[in-house]
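Each value in this text was obtained by applying a stated rule to the coordinates, not by laboratory testing. Quick caveat: nothing in here was measured; it's all calculated off a predicted structure. Cβ: placed from backbone, ideal geometry, glycine included. Neighbour counts: every protein chain shown.
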Amino acid sequence: MQRDAFFDPLTGLPNRSLFIDRLSQAVRRIQRTADDPFAVLFLDLDRFKVINDSLGHRAGDQLLIQVAQRLQSCIRPGDTVARLGGDEFTMLIDNVCDIQDVIQLCERVLNEMTVPFQMEGQEIFTTMSIGIAPSSSGYTYPEDLIRDADIALYQAKALGKARYAMFQPGMHIHAVARLQLENDLRRAIQRQEFCLLYQPIIAMETGLLAGFETFIYWHHPNRGLLGPGEFLSVAEDMGLMVTLGQWVLATACTQVSLWHQQFPLSRSVFVSVNLSSFEISHPELIDYLQTTLLETKLNPRCLKLEITESMLMNNSEAVLAQLQHIKTLGVQLCLDDFGTGYSSLSYLDQFPIDFLKIDRSFIQRVDSTENLEIVRTILSLAHTLGLKVVAEGLESTAQLAQLRALRCEFGQGYSFSRPLDALQTMYFIQEQFSDEPLTSITIALPRLFIHSQSGRYQLLLIGRTSWSLGRSQDCTIFLADRMVSREHAVILQLTQSDEFYFVDLGSRNGSFINHQRVKAPTLLHNGDRIRVGKSELEFWATSGSEPSIIGSRPKTILMYQSSKLQGQIWREVLMTQAISIIWQATDGELLQTLHQIEASGEALPDLLLLDVESLQPNLAAFFEWLRLRYETFPIILTYDASSPLDPQLRLQVTQLGLGALLPGFLLSGPDLTTNATDVAQKVNQVLQTLRLTSDTHRILNASTAALQAIIRNETLF
């Protein structure tokens, strides 16, 4: 009867009653004399609920027995280790002459937990968090010591778990704040105070939008917008992760399905949703996934679920079965934060993983030799196993260049975009997947002149209704088919109107016209000075005639390049040479475009810059109708430099007398200087054809700037 009253029947350790009795004696002793200090430790297994739910209560009990044995082996004779209940343990450490002795004990416990537990023939990994409350004559009740050790335990968990924390008086404030946060969190679910933000994931090779990762945020009524790091750990401790996870999944699938309907060209864009350890082990996960996909009508291939390495390490058989069920639905799986956990390389070929996500801690230090080799190894391993890789946390040009050179498929980070709300995300998608082609033949817009400190840009575009401006080191104008920087705005022209309006799109530092901050769409007048971020621009718009400061009519090139990457470089560099560019959508519309230019009163282009392979197999027919309608037109033909041009096609070009034949630009050469020199030489040949004086130094600088912009992935290739 005495043993049943004072000892835990599962582990054989003292229970709460016996522990408090011994702690009461220690408190009375220190009240009589301060020469007998002690410490109370509160210990808790990290993620025990996940293990218990996935393996079953029998396995959970076996784990608690083994944990109790290890804790018992760490203490001295005379000390007490007790089980309060569940996975909570306490220790009473007597005769603490130096607090460092207690810290060494905590380190021994943490080291013991790193050794895997053997459970029915398989290894189980877990960790433990510890809170420490040193004795003090100020304590009257033993429960107060346990409370403070428990508060310190929460601090250890908040700092990342698998560690210890010493109680400090200020922690009471945090404990009260946490209690308030828990109460607010329960009400937030009832009041639907949550929202999702979407961070773009970009294809590194093309610069095109591939998908989004979702992040849950909380519109707290008093504290404003809270990020996931400020409340998810609390939600996890409160057992709310499944509820929140189901809401995130349903909301994300509904929203992306809606965007697919709005922008049919975006139907391959996926959404990536993080799956918590509680959700992966939840018995209703598969049913809820299937129901959500059916109700939202989202293509399962456009949903990716992100899991962590630690999920694979614990109860691998049960997790494997769950993941295989997910795969049968057509949903893809991504292993998140790869390299920061247990480095479970041997698990990669056992689990149905489609993507790896390299943790930002490696990416942000990729300039170091050691981290670069780690990233290179991860990429090599992933590609060998047929996996695609996402690099998260990209924030610099060097990181982008390095990851692209290593053939990383996808990138995510502030180099591309911060997380966006639903409305901002819709605009982001619209920029890339608008049904409007790059060149519409419905109206001819006036010529738009932009002046800046870095050069004079003169644009004659057909059918565009907006140009986007953004901050950049080398270029101060972003066209409508380019991604804009984080500080940006647009110039809009009303359809069938000569009026241009300037609109700020949420620039971080604001936008200004003639030193006045822009708060609403503002009508632009010739000569207005515009500032967006670091961009300083002067606006001029004319219809048929140029302002006097422009001088003689600039040369104009009508261009079609099947490779958007090649075309973007041509356009960026030629614009810096005061040449107007007409960006043509398809070669079949060339004649119609020329008629449209004539009807608008503009002079015909001075040169055609065309991709020869796009004119196949009707090169002769194209040449014939061109000469029939327009007697003399200088033409420069380009072709893909990565593969040799068909000899018969080369011969045909020569026989027809179509003009110069240039290979495309080098984009994967030994260094930036070599590639920029290659671009400059070919641009110089175009200028010679137009009988323009060339400035070699200026062209080389412009070529370097264009290639650097591409490395930053700020253009749509």
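Quick notes on this structure:
- Using C-alpha pairs under 8 Å with a sequence gap of at least 6, the mean separation divided by the residue count of region 1-153 gives a relative contact order of 34 percent.
- For region 30-140, size of Cβ-based charge dipole, Lys and Arg +1, Asp and Glu -1, in debye: 160
- Rel. contact order, % - alpha carbon contacts under 8 angstrom, at least six apart, region 1-84: 43
- Over 25 Å (Cα to Cα) - which of LYS49/LYS157; LYS555/LYS682; LYS297/LYS327; LYS49/LYS161; LYS327/LYS388; LYS161/LYS357 fall in this group: none
- Magnitude of the charge dipole for region 154-282, about its Cα centre and with charges confined to Cβ atoms of Lys, Arg (+1) and Asp, Glu (-1), is about 240 debye.
- A simple count of charges around ALA156, restricted to other residues whose Cβ falls under 11 Å of its Cβ and scoring Lys, Arg +1 and Asp, Glu -1, yields 0.
- Neighbourhood net charge (14 Å Cβ-Cβ; Lys/Arg +1, Asp/Glu -1) for LEU185: -1
- Highest mean packing first, where packing is the average number of other Cβ atoms within 10 Å per residue, the peptides 643-652, 152-161 line up as 152-161, 643-652.
- Environment charge at HIS383 (Cβ cut-off 10 Å; Lys +1, Arg +1, Asp -1, Glu -1): +1
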